Each structure stands twice: as C-alpha cells, then as structure tokens.
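The values are calculated or read from the model by the stated rules, or taken from the named source; none is laboratory data. If you're wondering where the values come from, they're calculated on a predicted model, not measured in any experiment. Methodologically, a virtual Cβ is constructed for each residue, glycine included, from the backbone with ideal geometry; neighbour enumeration extends over all protein chains shown. Note: areas computed on protein heavy atoms with side chains; ligands, DNA, RNA excluded. Shrake-Rupley method; radii C 1.70, N 1.55, O 1.52, S 1.80 Å.
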Amino acid sequence: MTAAARRPAVHTFGRRSLLIFTGVAGLALTGCTDSPLVPGPGPDRAQTPTPTPLPGTVDGAATEKELADYADALLARHRAELSHGERQLIAQLRDAHLNHLAVLASTAPFDLPRPTPSGSAATPSPSASGSASPASTSATPTSSNPSSTASASSTASATPTTRIPATPAKAIKAFAALEAAAGKEHRARALRPGGPDDQLEELALLWGSLSAAAVSYGSALTDGRDPAAEPAGGQRVAIALPDPAEAAKNLLEQCYAIIFGYQTALAELSDRQADHARSSLARYRDLRDRLVRELLAQEQKPPAPHAGYQLPLQPTSTSRSGRLLGLMDTAVLPYIGQWLATTDHRSIALSTMINSTRDVLAWTSTITVWPGWPTQD
C-alpha cells in the first residue's frame, strides 16, 4: 500500500477560509474568492504503542533533558544577577524543553487529541465535516514564572554534573550554543527520519519542529530578547497530512496571502524593521516561485492568487504592522510543517520553517513550543 493510500481523507473548511490567525479571536486573512482545501484533523484512532522507542527518541530525549537541566541550573546559580526578562526567557525555554521531553519519552508520540472548536478562542467554527485548520493554534499557558520550578522538578532536575559558567553572560552564551547544537542534531533526523514506514512523515515533522524550536531559542538567547508573557502552542493536535501536491498547493495559497500582507505592512515600519521585512518578503516570493515550479514538475496546476485579501488588522502604525506580520508568520507555520512532512525537498522546507519561526520571534517576541504543528489549548 502506498503512503498516499494510507492517508485518511483530508477534510475542508468553508471555501472562503484561507488563513486563520492565532492569538486574536476570530481574525482571518480571507481571499476575495474561493479558498483552497485546508487539511483537517486526523481520524479517530488510537495509535498502537511501539514496544520499543522510535529511532532517535532516546537520544533526542536526552538532549531535551540536558537543555531543561541546564536552564534550571542557570536559574539556580544566577537568578539574582539575571534581569527579569532573562529569567522569563530561560524559564520559558526550560518548560518548552520539558514539553518536548514528555513527547519523546512517549511510546505513542502521535496519539494526539482531535482539535475541538471550543478548545481555543482562535479556533474557527467547524464546517459540516467538523474539520479544523492546521493553523488553528493558540498560546498554551506554561509556567514562565522564574521563581517556580515545580513543573521542571516533576520531570527533570538539574543534576550535580550540570556545569554553569561563572558569569550570567557566559552562561547564557553557553546555553545558546547548546540550543544551536540541538538544532543541528534534530535537523539531521528530520532530513532522514527512521522508523515505521507509516510514521516517517510525522517523524520528519516532529524532528523538524524540534530543530526549528532549538534554533529559534538560540536566537532568542543570543539577541537577549525579553519574551512575550506566554509561549505559543504547547498542545499539539491530530492532523491528517495531505498528499504532497495538496500540501504544496495549500502552502502556495498562503504565500500569496502573506506576500500581500507584507507588502501592505512595509510602509509603516521603521527603517530597521522594513529591512527585515523586505528580506522575509523576498524569501516568501522565492518560496512561491519554488512551489509553482514543484507543482508544474508534478504536472499539477498551481492555484492562482486572489485579486485581494482582507487583512485581520490594518497596519496603520509601526506596532500594528509588526503585529500583523507576527500573526501571518505564526499562522503559516503548520502549512510549512505539512510541506516539510510530505515533500522530497525537506532541507529547503526545514530551512523555510526555521526562518519563519525566527520571524515569529522577531515580530512578537513569542517562544513557539511546537513550530510547524497545529496546536490549541
């Protein structure tokens, strides 16, 4: 049986729903005409636990535990010397790694709950088929209080062998280096996932998500960024992956919408922000062109852009423009994740997801727990 034959049918939303944004209830970037198919939730099924851990998960879990332990030890040693923002960031990264560790320690990491319409304020109303968009994500509160380590101590704790440099600056720099190394380790598994044939696509998405997360966390530490109050998307939900052509078409539709949004937002940005936005806009244009070529090579007809798009908010100021870009980059991540899972060009897809995850951080200062996955509270 082929991989395509094993995939459950992909449900759809109402035909006018194009890009659902997170973090703001009821906001959507909507095409002026019919919209593309949107992958829906996975079928009601219980994943059979594997008798042994999936390939790479033991080593991956050890890496995530090392990062959580390091964050805990850094907070314990340098708490008084760290700024409030540094304590918040390190605590959020610790909790994100504990979330990752719990998934990697599971014998059924893809046995996920179906998304529910009431699960999040940003989750759109279900269609007749009861589907949910891969971008129906929202922030899942996790402990970001640096004075509270209860969540960490229940799953992982700083061991006596965790060595922390003598100054906060050096300790944070070392933490960033550990994140970068973890990003490379997870990337290697994403590009060549090992495991049961019927789980290879999900495994590519799992490792790619962990890679994008670690790279973005390293960037947050290097940039000395004060994080948003809460990380985004701690609870993954079940999805039905589309076939490769459908994943490429869905992402192409999102590229058209995001390019429109970026072009609209540019005028209100500061010079420095505008330079960053132009660079990201160029990447989305390159991605658009690549997806068109990929579809044509598969003898598929690429969808055409709509004449215009309704923005979730008008970029009438610098702050609103940045917020708009953050909403778009957050919402497109699950579409990139599904492309990563299904394409033969995983290296390019993963680089795309890493860049978009960094852009979410740049525009919103939000730590993304599971980049590329649909999530909800």
Rounded if a/c under 1.5, otherwise prolate or oblate - the range 237-376, Cα gyration tensor axes:
prolate
Could you sort ARG288, ARG272 by their accessible area in this structure, using a 1.4 Å probe and putting the largest first?
ARG272, ARG288
Quantify, in whole percent, the carbon and sulfur part of the accessible surface of the range 237-376 (1.4 Å probe; protein heavy atoms only).
46
In straight Cα distance, which lysines are under 26 Å from LYS173, not counting same-chain residues fewer than 8 positions off?
LYS65, LYS184
Nearby lysines by direct alpha-carbon distance to LYS301 (threshold 19 angstrom, same-chain neighbours under 8 apart not counted)
LYS249
Lys, Arg +1 and Asp, Glu -1 on Cβ, resulting dipole of the range 237-376 about Cα centre, debye, nearest 20:
200
Can you check what the net charge comes to around SER211, using other residues whose Cβ is under 13 Å from the Cβ of SER211 (Lys, Arg +1; Asp, Glu -1)?
+3
Let me check something: with ligands and nucleic acids excluded, how do HIS306, HIS100 order by accessible area (1.4 Å probe), largest to smallest?
HIS306, HIS100
Accessible area per residue, 1.4 Å probe, Å², for the range 237-376: what's the number?
36
